[in-house]
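Read through the structure below, which is laid out as structure tokens, and then see the notes.
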Amino acid sequence: MADRVTVIGWDGSPLTAAARSALGAATLVAGAAHHLALPEVPERAERIRLGSVGLAARRIAGHRGTAVVFADGDPGFFGVVRTLRAPEFGLEVEVVPAVSAVAAAFARAGMPWDDAQVVVAHGRTLRRAVNVCRAHTKVAVLTSPGAGPAELGLLLDGVHRTFVICEELGTSAEQVTMLTSDKAADHTWRDPNVVIVIGGFVATAEGGGWIAGREPGAGPRGWALPAETYGGALGEGETDLLRAAQLARLGPRVGDLVWDIGCGSGAFATEAARTGAAVIAVDRSPGSCARTEHAARRFGVQMQVVHGTAPHILEDLPEPDVVRIGGGGAAVVSAVADRRPQRIVAHASTRDAAELIGRDLTEHGYDVECALIQSVELDTKAWTEKERSVAFLLSGRLADRAP
């Protein structure tokens with residue numbers, strides 16, 4: 001095992017005294033090509049071109065001597081420190097930090113970033129990173145080859161965003177480019193790069209926040225808010241209790257994409273967006289689309305509202321994680337199930353209609369639950385019944401996918 005491992009963050013600035021001291025004693029140095037070319041790297045030291053951090057960590061664990069690992073930006077922020085400290089390698093490290101690539105990118109753009117989401121995009125997480133960009137007004141994306149600005153722009157089709165693309169920060173080839181997301185695929189971008197994604201409706205805020213990222217609890221307290229919150233009467237599938245149960249069954253979360261088909265007033269879509277999930281709300285009624293957009297603006301959440309009739313309008317939408325079906329019948333249920341979201345909820349006003357939906361979901365491989373939900377609103381002055389609603393709630397869950 002290496003006698004000592006020092007991780008040096010590099011942001012293009014001159015190396016600190018601590019970094020130069022660690023390099024002077026190093027018998028092994030790992031890093032990217034521009035790190036290994038630094039004049040402070042000892043000629044006698046073994047050099048490892050850093051590709052797979054795991055493979056490098058294994059080499060370092062077997063090295064007898066003093067090792068230094070270079071990393072761009074702050075190595076403790078989505079960096080190599082986590083891998084090097086993994087129990088399988090048994091390495092104890094000292095860290096010489098630097099300005100993170102995210103902080104440097106926002107500095108180049110002249111923007112604050114305490115209100116930004118920060119995500120990492122690679123092959124496995126690209127879709128979820130894009131969903132965060134759909135759901136939030138300011139996101140920094142740490143990209144990787146094959147999951148860069150061009151791919152982000154292509155997957156954000158239909159959602160207007162502005163990209164600030166910072167290539168090779170801290171090097172002589174550093175370049176900052178601002179363009180709209182639909183133009184990003186027209187260029188070839190150099191790695192490494194950071195993309196700041198900006199856009200969407202921004203709610204007015206006074207002063208600074210108190211927590212990094214999206215402020216939790218924005219908007220009114222509670223879920224399944226009453227009808228008057230959304231401008232009056234709601235559809236039969238939008239009652240408070242049914243909406244609460246649908247949200248509970250779907251469990252939307254940050255990184256998810258939610259489809260709300262037959263969005264009506266926008267009540268469900270808005271509350272799903274308040275969880276931090278990305279939302280696409282679909283309705284064939286222009287009036288419903290307008291109400292949904294109004295609700296989203298009122299609550300300061302982002303969503304894409306699509307005017308069209310399901311199931312045909314669904315064909316070109318990006319893959320959903322969870323779906324609420326507010327109407328459309330068996331054809332819509334089948335079309336949604338064909339896209340294999342993790343969870344689906346629907347409702348029916350009769351038992352026969354519930355059985356048809358449940359049978360269709362079962363045939364598509366979903367585990368199906370059905371509950372009869374009845375709510376009675378009482379006038380608490382006279383304790384008399386004001387309104388009663390009854391609906392069958394159906395939920396489907398794929399058994400072969402994580403919840």
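Observations on the structure shown:
- If the condition is being within 20 Å of Arg324 (Cα to Cα), of a type outside the set (Phe, Trp, Tyr) and either open to solvent by less than 70 Å² (accessible area, probe 1.4 Å) or at pLDDT 90 or above (or both), then the range 223-240 contributes Ala224, Leu225, Pro226, Ala227, Leu234, Gly235, Gly237, Glu238, Thr239, Asp240.
- Near pairs, Cβ below 8 angstrom, 6+ apart or cross-chain, from the range 45-73 (free of Cβ contacts under 8 Å to residues at least 24 places away in the same chain and among the small types (Gly, Ala, Ser)) to any residue that is assigned to a loop (DSSP other than H, G, I, E, B) and open to solvent by 40 Å² or more (accessible area, probe 1.4 Å): Ala45/Thr27
- Pairs where the first residue, in the range 354-369, is farther than 21 Å from Ala248 by Cα and the second is open to solvent by 40 Å² or more (accessible area, probe 1.4 Å) and not in a loop (DSSP other than H, G, I, E, B), C-beta under 8 Å, 6+ apart: Leu356/Ala330; Asp360/Ala330; His364/Asp338
- Considering (1) under 14 Å from Asp260 (Cβ atoms); (2) touching a residue at least 60 places away in the same chain (Cβ under 8 Å), the lone condition that Val305 does not fulfil carries the number (2).
- Residues that are surrounded by fewer than 23 Cβ atoms within 10 Å (Cβ to Cβ) and more than 18 Å from Ala101 (Cα to Cα), drawn from the range 3-15: Asp3, Arg4, Thr6
- Criterion violated by Ala248 - all others in (1) open to solvent by 40 Å² or more (accessible area, probe 1.4 Å); (2) modelled with pLDDT under 95 satisfied: (2)
- Thr171, sole failed condition from (1) touching a residue at least 60 places away in the same chain (Cβ under 8 Å); (2) part of a helix (DSSP H, G or I): (2)
- From Ala212, Ala245, residue being of a type in the set (Gly, Ala, Ser), touching a residue at least 24 places away in the same chain (Cβ under 8 Å) and farther than 30 Å from Ser349 by Cα: Ala212
- Residue among Leu179, Leu169, Leu152 that alone is crowded, with 20+ Cβ neighbours inside 10 Å, among the aliphatic types (A, V, I, L, M), closer than 27 Å to Ala32 by Cβ and modelled with pLDDT of 95 or more: Leu152
- Screening the candidates Val159, Val139, Val132 for the property of being part of a loop (DSSP other than H, G, I, E, B), of a type outside the set (Ser, Thr, Tyr), touching a strand residue (DSSP E or B) at 6+ places or on another chain (Cβ under 7 Å) and open to solvent by less than 30 Å² (accessible area, probe 1.4 Å) yields one hit, Val159.
- Residue in the range 142-155 that is nearest to Val305 (Cα to Cα), counting only those that are part of a loop (DSSP other than H, G, I, E, B) and in contact (Cβ under 8 Å) with a residue 40 or more places away in the chain: Gly148
Condition check ((1) in contact with a helix residue (DSSP H, G or I) (Cβ under 7 Å, 6 or more places away or on another chain); (2) of a type in the set (Gly, Ala, Ser)) across all residues:
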| residue | (1), (2) |
| --- | --- |
| Ala346 | yes, yes |
| Ile357 | yes, no |
| Glu363 | no, no |
| Tyr366 | yes, no |
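- Check on Val29, assigned to a strand (DSSP E or B), modelled with pLDDT of 95 or more, touching a Lys or Arg at 6+ places or on another chain (Cβ under 8 Å) and surrounded by 17 or more Cβ atoms within 10 Å (Cβ to Cβ): yes
- Residue count for the range 205-218 satisfying the condition of being within 27 Å of Gly264 (Cβ to Cβ) and at pLDDT below 75: 3.
The values are calculated or read from the model by the stated rules, or taken from the named source; none is laboratory data. Nothing here was measured: the structure is a model prediction, and the numbers come from that model. With ideal geometry, Cβ positions are generated from the backbone for all residues, glycine too; neighbour counts draw on all protein chains shown. Accessible surface is based on the protein model in full, side chains and every heavy atom, while ligands, DNA and RNA are left aside. Shrake-Rupley method; radii C 1.70, N 1.55, O 1.52, S 1.80 Å.
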